[in-house]
Amino acid sequence: MQGKSVYKVPNGKLLKIFLDYNKKTKSINKINITGDFFAYPEEAIEIMENQLRNTLLDREILLNKINSMIKENNIEFIGLNAEGLTEGILMCLK
Amino acid sequence: MKEKWRLLKTEDKTAFTNMAIDRAVLVTNSEGKVPPTVRFYTWKPPAISIGYFQSLEEEVDLAVCKELGVDFVRRITGGGAVFHDKELTYSIVISESHPQIPRNILESYGRICGAVMNGLKNLGIESKYVPINDIVTNGKKISGNAQTRKIKTVLQHGTVLLDVDVEKMFSLLKVPDEKIRDKLISDVKERVTSIRHLLGKNISFDNVAEAMKKGFEEEFNVKLTPGKLTEEEIILTKKFEKECFGSRDWNYKK
């Protein structure tokens, strides 16, 4: 299944996510995180996209995983945060 | 004695060259080969730049770009899509550890935007910095800015609108819903302004560049000395233009 979301992060930027997911297992096949936000270092978003593959589409699991990736890769977001990213991903589900 | 920084003025370069020069200077400055550098530039032909994380086909109407002879390029900085036409674009490249640059990213945006605000003030325009990355005057945006930090070096570039054609801008950018295109255009017209609109007359690139030069000198208490790209920077610019900014792989990567 494929889904897309457009989500204005509260006090932040416009996030647009393209998600390819397995409806049966409720997990991510592939994700493209786009938008006019800032992330430092920029390359960290590609690492996140790769590490999010096969992650279950569950709010708590996603939020924990995103938070741990932010910590591990020393990512600083401006105009985006873990909660916003989680919300954007879940909004892709039909 | 005031610290000397390098000033570059490069008019009428393509989008690919402009983005390649900023990246080339980022590399040479990170290696200590050139001083902190401020550049003022324009774009020929006019171009759309998109933020590093944006999807090209989602944001830009490529058919209209082709029709109107407008180039497009992905930046190495985040942020949104910008139509570069009648504007002065600036960039500053400086070590992350330079005492004039706050460690905190948002604070450093504010500091560099302070230089642009001084420049506007030198033209008789009062403005203020609105986080994350805008400069506004009378509540209307006149400048957008974007920063990256790589190899322990800060690159911030941004626009100062000399004039603005919102209709043309929106013919080049995709809108989320065609039904609200007119409403969007009228909203943006209310929220964006330009030097020409504010002063009621045309001001040349050179005059704005001079005001901005003083603005940067005042903000950072330095002297900006006119200079040129080094041989190495020219070679790096060509390399980045070919391998990165002019390539389909880069521009369509998202």
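Scanning for something in a strand (DSSP E or B), surrounded by fewer than 23 Cβ atoms within 10 Å (Cβ to Cβ) and touching a helix residue (DSSP H, G or I) at 6+ places or on another chain (Cβ under 8 Å), does segment B:51-61 turn up at least one residue? Yes, segment B:51-61 has at least one match. In summary, strands (runs of 3 or more DSSP E) completely within segment B:62-157 and bearing 3 or more residues that are within 14 Å of another protein chain (Cβ to nearest Cβ) occur at B:140-150. Any residue that is assigned to a loop (DSSP other than H, G, I, E, B), within 14 Å of chain B (Cβ to nearest Cβ) and loosely packed, with under 14 Cβ neighbours inside 10 Å - is there at least one of those in segment A:18-41? No, every residue in segment A:18-41 fails to be assigned to a loop (DSSP other than H, G, I, E, B), within 14 Å of chain B (Cβ to nearest Cβ) and loosely packed, with under 14 Cβ neighbours inside 10 Å.
Considered as a group, the residues in segment A:3-17 that are surrounded by fewer than 20 Cβ atoms within 10 Å (Cβ to Cβ) and in a strand (DSSP E or B) include one that is farthest from the other protein chains (Cβ to nearest Cβ), and that residue is A:Gly3.
For segment B:182-222, a residue qualifies if it is small (Gly, Ala, Ser) and touching a Gly at 6+ places or on another chain (Cβ under 8 Å), and the qualifying residues are B:Ala211, B:Gly215. For segment B:4-16, the criterion of a residue being polar (S, T, N, Q), buried (at least 21 other Cβ atoms within 10 Å of the Cβ), over 13 Å from the mean Cα position of the chain (by Cα) and at pLDDT 95 or above is satisfied by no position. Do the conditions hold for A:Ile75, that is, is it within 14 Å of chain B (Cβ to nearest Cβ), within 23 Å of B:Tyr52 (Cβ to Cβ) and either within 11 Å of the chain's Cα centre (by Cα) or surrounded by fewer than 16 Cβ atoms within 10 Å (Cβ to Cβ) (or both)? Judged against the criteria, A:Ile75 is not a match. Would you confirm whether or not segment B:230-239 contains a residue that is of a type in the set (D, E, K, R), under 26 Å from B:Phe53 (Cα atoms), in contact with a strand residue (DSSP E or B) (Cβ under 9 Å, 6 or more places away or on another chain) and touching a residue at least 12 places away in the same chain (Cβ under 8 Å)? No, because not a single residue in segment B:230-239 is of a type in the set (D, E, K, R), under 26 Å from B:Phe53 (Cα atoms), in contact with a strand residue (DSSP E or B) (Cβ under 9 Å, 6 or more places away or on another chain) and touching a residue at least 12 places away in the same chain (Cβ under 8 Å). Total residues in segment A:47-60 satisfying the condition of being surrounded by 14 or more Cβ atoms within 10 Å (Cβ to Cβ) and assigned to a helix (DSSP H, G or I): the figure is 4. Inside segment A:73-94, residues that are modelled with pLDDT under 95 and more than 19 Å from A:Tyr21 (Cα to Cα) make up a count of 2.
Against the list (1) modelled with pLDDT of 95 or more; (2) farther than 18 Å from B:Tyr252 by Cα, the condition A:Phe18 fails is (2).
The values are calculated or read from the model by the stated rules, or taken from the named source; none is laboratory data. Small disclaimer: the values here were computed from a predicted structure and weren't measured. Neighbour counts are summed over all protein chains in view; Cβ atoms, including those assigned to glycine, are modelled from backbone coordinates with ideal geometry.
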